[in-house]
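What follows is calculated from the coordinates using simple rules that are stated; it is not laboratory data. What you see is a predicted model; the values in this text were computed from it and never measured. Neighbour counts are summed over all protein chains in view; Cβ atoms, including those assigned to glycine, are modelled from backbone coordinates with ideal geometry.
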Amino acid sequence: MRARVLIRPKAGILDPQGIAVERALPALGFSGVSNVHVGRLVELDVEDAAQLDDMCRRLLANPLIEDYELVAGEPVAHGA
Amino acid sequence: MRFGVIRFPGSCDDVDAQLAASRVGEAVLLWHADRGLQDVDAVIVPGGFSYGDYLRVGAIARFAPVMEDVIAFAREGGPVLGICNGFQVLCEAGLLPGALLPNDHLRFRCRQVEVEVLNADTVFTRACEEGERLSIPCKHTTGRYWAPDHQLDALESGGQLVLRYAPGENPNGSARDIAGVCNEAGNVMGLMPHPEHAVDELCGASADGLKLFASAAVAHA
């Protein structure tokens, strides 16, 4: 199956990238933008989706500083 | 006293760390993909960009084959010093508390910093005095030390905050001006500044960094 993992800085931890983007948008004329956070997207094909959570906790995210969200996608044809 | 300096793909301060350690003992390089620590008495995880800093600083290096031996060595009380990227690797490996985040200003910062020794009773600070100031260079983009407040309180009361940036010297927005921490037992230490770049006044602003290496040798003797 195709899976997506969204990883973002934990709420409450200073996110300087989010702040930089938030400050850059008004300079381009976009207004009313707030609460910007920049994270990572990991896309992967997995045979056993049950392992995803363990993968996230052990490698893909650092649970101390990051939250992660699993987005299960379409089944993937293996061994074509 | 025999030091082992880990070399990952992407390490860049391994040779300086080896040269610094050579001032107080013998020092060998340990390749990341090899197993065994060649009977060293202390391990240094040096600065650089191990595995290209891919995914997250230190995240992949932490699973290098040699790290299994480093973790076992540390758990048995062996002295382990992580410098800059090495500090990040030790945090990822769970040998040190907390994590290193991007500098609050998002810029690479390369300059001499003054740090205060808060705990002179660890393996790597024994040759220092409590309250002593050391002048050591820092050079990093991801050096903002962070841990939850309750953990910072525990570290502070437990003497695990070893080095603090002197007032006005914090180069990265680290919580409570923390520059270096140790584990509960005091045998594993990590710091963002680079003591290995401050071992000779001929080519640096000070030789204060040598004290960390000398401390390990004193502790060993």
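For this structure, a couple of remarks:
- Rounded, prolate or oblate (a/c below 1.5 giving rounded, otherwise prolate when a/b exceeds b/c) for the range B:2-220 by Cα gyration tensor: rounded
- Beta bridge orientation in the range B:2-220: antiparallel %, DSSP, nearest 5: 55 percent
- Of the peptides B:195-201, A:26-32, A:1-7, the ranking by mean beta-carbon count within 10 Å, highest at the top, reads B:195-201, A:1-7, A:26-32.
- Per residue of chain B, the DSSP helices (runs of n ≥ 4 H) give a summed -39500 (n - 2.57) that works out to -6500 deg cm²/dmol at 222 nm.
- The mean sequence separation of alpha-carbon pairs under 8 Å and at least six residues apart, normalised by the residue count of the range B:2-220, gives a relative contact order of 21 percent.
- Cα gyration tensor, chain A - rounded (a/c under 1.5), prolate or oblate: oblate
- Relative contact order %, chain A, counting alpha carbon pairs below 8 Å whose residues are six or more apart: 53 percent
- Label-point gap, in nm, between B:H220 and B:R133 - each point 7 angstrom along Cα→Cβ: 3.2 nm
- Under conditions of 10 °C and 1.306 mPa s, the protein assembly as shown yields 79 µm² s⁻¹ as its translational diffusion coefficient, taking Rh as the Kirkwood radius over Cα pairs in the Stokes-Einstein equation.
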